[in-house]
Amino acid sequence: MNRWRIVGLIVLAVLAASLLAWWLKPAPPPAPPPPAPAREVFHSSKPLRIEVAAARPPAETAWLDYELRHLLNRGRMRVAAIDDVGDAFTLRISLDADAKAATLALLAPDGAIERQEQLPLPEEHRLATISALAQRLPQFLGAQGGSPNWATLIGTDDANAYDAYLADALELLGPAGQGLTRPAASQSARIVERLEALARHQPHFSRARAALAIAYLSLNGKDQASLAQLAKTSAERALAADDEIAEAHAALGLVHMRRADWTAAREQFDRALALDANSAVALEGFGCLLVDAGRSAAARPLIEHAVQLQPRNVGALECLAYLDAGAGKPIAGDQPPTEVARVQALAALLAGDVETGRRMLRGASNDEDFREWAEPLLQAATERARVPDALKSITRAASDGRIDPATEILCGTALRRAEFVFNRMARLQRDHEPVPLRILWMPQTAFLRRHARFEQIIGSAALPAFWQEYGPPDACKAEPKTYGCKTRATGKTPAEREP
């Protein structure tokens, strides 16, 4: 009995000792905190946004934003596209109120300041200001390629020539630019005269020659072939001196586009966008080219990017109106430019919405024009017996110069008169004038794609060669029997064919 009692006491003692040892055991040290994520370090290969901060109105500093983008692109930096929503570093240039100094700041994607410094600015003129920035920015940004001093990239050391160039280049290429695929600027003739004089006075200022090529393309007139040749000559002279001027490549792209050389046009637009992802000229031209070729899905991001850069770009807005009409997007309440309103009226009439068509045409026409051709068009949209009289009124308005050929074709399309449409397109092709091929690719115009003359117009426009290189039009997904849908792209891989 005593033996079992002793055993029990020993067991109790062991348990008590174990509990005491557990109780007195020191707590384990806390787990080390996870390592902080490594901060992204800036390198010249990373995309970079540009931000100009100043007390002055944006219109007064637009030139600096334009020139900074030029310097960074030519200095082998990667300037982020304005519509790029991804993470990117930001170069912020903050100007003092008196513009005697600037604060250079490099901001990380999370907003933290990577580096910052003050830079005194000379007060003489804009050339002195941009030269000071051009000399400092390569070291500030740690540029790896190109020249360590970007001042030579400005293109001239003549302050007056530089100011003259900026005034005209910004009018054509800046935020207030009105585009080139629908040239309509009334003041373009004066810009051409000034740039021609500048090119003669500064024959080695290649950027001025590139701007002159753009100016020729901005003129609206009947002699488009001669203007295109002048633009081609000026752009080629600019590129002979400097092959990395994006505007000159974009101008050549527009020349090829007007001549229906679609593949050569795309190659020039590709080159321009490789040099400057924010080239409004190349974005507008390339996007509208793709709309004419029936590649709407690929065209939209390019055209929307162009409109972001130039909200008043009539050509880009018109091409976007075709895309929106095809996608069934509602029409905004604001009165758009005349060219856009007429596309929207076409879409409304094809959908049977005569009242919306009337509203768009009423806002885009004066009283006399509305009475002469728009009212007969609207009446014929509801009373088919009036179609012949409406077509006569439309033809007369086109002969009198009240409407352009594209509007004449729009009206015939709205009335679903395929022969009228193809007759007018064939005439434009014979006269070597631009043909609004984009009308043929709207979902609402399938009756045109089924017409016997569709193949003739498309073949004369040389689109099959473009499709052979880059793939068939989008309509082939729903209408595989459409002419051109059996084209097999052989020149590029699928990834290379996408813009």
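Do we have any residue at all in region 104-120 that's in contact with a Gly (Cβ under 8 Å, 6 or more places away or on another chain) and either assigned to a loop (DSSP other than H, G, I, E, B) or crowded, with 17+ Cβ neighbours inside 10 Å (or both)? Even if it seems obvious, please write down each step before you answer.
Restricting attention to region 104-120, the residues satisfying the condition of being in contact with a Gly (Cβ under 8 Å, 6 or more places away or on another chain) are none.
Within region 104-120 (the criterion being in contact with a Gly (Cβ under 8 Å, 6 or more places away or on another chain) and either assigned to a loop (DSSP other than H, G, I, E, B) or crowded, with 17+ Cβ neighbours inside 10 Å (or both)), the answer is no, since none of the residues qualifies.
Inspect all residues belonging to region 351-365 and state whether any of them is in contact (Cβ under 8 Å) with a residue 60 or more places away in the chain, outside the structural domain of residue 183 (by TED's automatic domain parsing) and not aromatic (Phe, Trp, Tyr).
Applying the first criterion (in contact (Cβ under 8 Å) with a residue 60 or more places away in the chain) to region 351-365 yields 351.
Keeping just the survivors that are outside the structural domain of residue 183 (by TED's automatic domain parsing) gives 351.
Right, trim to not aromatic (Phe, Trp, Tyr) and you get 351.
Checked against the condition, which is being in contact (Cβ under 8 Å) with a residue 60 or more places away in the chain, outside the structural domain of residue 183 (by TED's automatic domain parsing) and not aromatic (Phe, Trp, Tyr), region 351-365 yields at least one hit.
So how many residues does region 91-103 have that are farther than 13 Å from residue 130 by Cα and either part of a loop (DSSP other than H, G, I, E, B) or at pLDDT below 90 (or both)?
Initial filter on region 91-103 (farther than 13 Å from residue 130 by Cα): 91-92, 94, 96-98, 103.
Okay, now just the ones that are also either part of a loop (DSSP other than H, G, I, E, B) or at pLDDT below 90 (or both), so 96-98.
Going through region 91-103 one residue at a time, the tally reaches 3.
Looking for something touching a Ser or Thr at 6+ places or on another chain (Cβ under 7 Å) and assigned to a loop (DSSP other than H, G, I, E, B) - is there at least one such residue anywhere in region 210-230?
So the first thing to find is which residues in region 210-230 are touching a Ser or Thr at 6+ places or on another chain (Cβ under 7 Å), and the list is 212-213, 215-216, 218-219.
Going one step further and asking which of them are assigned to a loop (DSSP other than H, G, I, E, B), we end up with 219.
Yes: one or more hits.
For residue 354, are the conditions met, namely being more than 34 Å from the chain's Cα centre (by Cα) and β-branched (Val, Ile, Thr)?
Details: more than 34 Å from the chain's Cα centre (by Cα): no; β-branched (Val, Ile, Thr): yes.
Here the answer is no, as residue 354 does not meet what is asked.
The values are calculated or read from the model by the stated rules, or taken from the named source; none is laboratory data. These numbers were taken from a predicted model, which means no experiment stands behind them. Reconstructed Cβ throughout: ideal geometry from the backbone, glycine too, with neighbour counts over all protein chains shown.
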